[in-house]
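Just below is one structure, and these are the notes that go with it.
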Amino acid sequence: MVYCSLSLVSGHNQLTLWQRWVRQPQKIWFRRALFQVHLWSAIAVGLYIFLISVTGSVLVYRNELYRAATPEPIISKGSGPRLTDDQLTRAVARLYPGYRVVGLGRARNLDQAVDVRLRRGDEIKHRLFDPRSAGDLGDSVSTGIRVVSTLLDLHDNLLAGTTGRKANGVGALALIALAMTGLAIWWPGIKTWRRSLTVHRGVGFKRLTWHLHSMIGFWSLGFTLVFALSGVYLVIPDQLQDVADWLEPPTAQNAGLRIGDRVIYWLAYLHFGRINGIGIPCSGPGLCDQTTKAIWAIFGLAPAAMFVTGTILWWNRVLRPRLAALRRPGRSHEVTATP
């Protein structure tokens, strides 16, 4: 009888870890450890993820932004003959001494302002000139175009060239780690897991923030992983292609049919949310294309929303109690020191 009881206890202990994970994961030390990893990793890279999230969502509409920022073409109103390339080059050289003309572009409409590129050392200017009078018509690159281009460079390279792009690769790996640890932390137990899929009213601000953080993290997990994995690919495309070739060496028979090629193909397209032209599920601009972009832009903001809600949780659960604890001794000392 005693032996039987010990066997039951032993069997119960063997299943305890799994049962606790299914029923009460909050009490498992490994989950608490993951929570600390998740918390401090988010603190370390949170602002970076917020920046990449917001700029990425905006740049889903990069083509539309470029079109909106492109000014109307300037048409010459002169009546004289158009200047030849040599005549225009000499006229520009007189207006900009010390610079040399390194590029001259004419539009199909020959009466449209000519785009001239000038260089002096490392400095480059892009100016528009009247094709008849050689009058300087201003910068050929509008402020709007420069803003969009800077935003694109910020998202792709952190304004730091190759170094910034490599840093983006590390950031994408950190985002994957945050997503996976967040998924483990999200699991609240078999009885209450459905409650973490939605936001509830009447639970107080702190609890509402937690539910919002959990809900956004769960429903955006797939998109977040796609953005992060494709971000890694865009940083090291050649290396990943080499891995695909190693796993499945290219031959005449498997050209265009390899699984690795398909994965890489979709990683490139899914990062930007531009299905225009690939035929699945639609092709060409229109409602389907715009709907896809809107979905990508919304879910692209999910990491930024996670950063905001996570910061609020960190403040309420960690920083505020510690600050309050630091203030108490001083206050009590002041009180006791008062006669």
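The values are calculated or read from the model by the stated rules, or taken from the named source; none is laboratory data. Please read these numbers as outputs of a predicted model, since none were measured by experiment. For neighbour counting, all protein chains shown are included, and Cβ atoms are generated from backbone atoms with ideal geometry for every residue, glycine included.
When the residues of the stretch 123-140 are narrowed to those that are assigned to a loop (DSSP other than H, G, I, E, B) and not aliphatic (A, V, I, L, M), which ends up nearest to G103 (Cα to Cα)? Among those that are assigned to a loop (DSSP other than H, G, I, E, B) and not aliphatic (A, V, I, L, M), it is S140. Of the candidates R94, R100, R165, R108, the single residue that is under 34 Å from the mean Cα position of the chain (by Cα) and among the basic types (K, R) is R165. Taking the conditions (1) farther than 30 Å from S230 by Cα; (2) outside any loop (DSSP other than H, G, I, E, B); (3) of a type in the set (D, E, K, R) in turn, R82 satisfies each one other than (2). The conditions of being surrounded by 15 or more Cβ atoms within 10 Å (Cβ to Cβ) and on the phi < 0 side of the Ramachandran plot are met by L154.
Restricting attention to the stretch 188-207, the residues being under 27 Å from W296 (Cβ atoms) and assigned to a helix (DSSP H, G or I) number 2. You will find that of L175, L159, the residue that is touching an Asp or Glu at 6+ places or on another chain (Cβ under 9 Å), in the same structural domain as L47 (by TED's automatic domain parsing) and either closer than 30 Å to V37 by Cα or crowded, with 16+ Cβ neighbours inside 10 Å (or both) is L159 and no other. Output yes when any residue across the stretch 225-248 is farther than 19 Å from S57 by Cα and either aromatic (F, W, Y) or under 14 Å from the mean Cα position of the chain (by Cα) (or both), and no when none is. Looking for residues that are farther than 19 Å from S57 by Cα and either aromatic (F, W, Y) or under 14 Å from the mean Cα position of the chain (by Cα) (or both), one finds at least one in the stretch 225-248, hence yes.
Residue by residue, here is whether (1) in contact with a Lys or Arg (Cβ under 6 Å, 6 or more places away or on another chain); (2) at pLDDT 95 or above; (3) under 25 Å from V54 (Cβ atoms) holds:
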position: L287; (1), (2), (3): no, no, no
position: Q290; (1), (2), (3): no, no, yes
position: L301; (1), (2), (3): no, yes, yes
position: I312; (1), (2), (3): no, no, yes
position: L319; (1), (2), (3): no, no, yes
position: L326; (1), (2), (3): no, no, no
position: P329; (1), (2), (3): no, no, no
position: H333; (1), (2), (3): no, no, no
position: T336; (1), (2), (3): no, no, no
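Within the set Y99, Y66, the sole residue that is surrounded by 17 or more Cβ atoms within 10 Å (Cβ to Cβ) and modelled with pLDDT of 90 or more turns out to be Y99.
Counting residues in the stretch 109-131 that are under 28 Å from I298 (Cβ atoms), without any contact (Cβ under 8 Å) to a residue 12 or more places away in the chain and not small (G, A, S) gives zero. Considering the stretch 208-276, the qualifying helices (runs of 4 or more DSSP H), each wholly inside and each with 1 or more residues that are of a type in the set (K, R), run over 259-272.
Note on the stretch 64-78: residues that are without any contact (Cβ under 8 Å) to a residue 40 or more places away in the chain and of a type outside the set (D, E, K, R) amount to 1.
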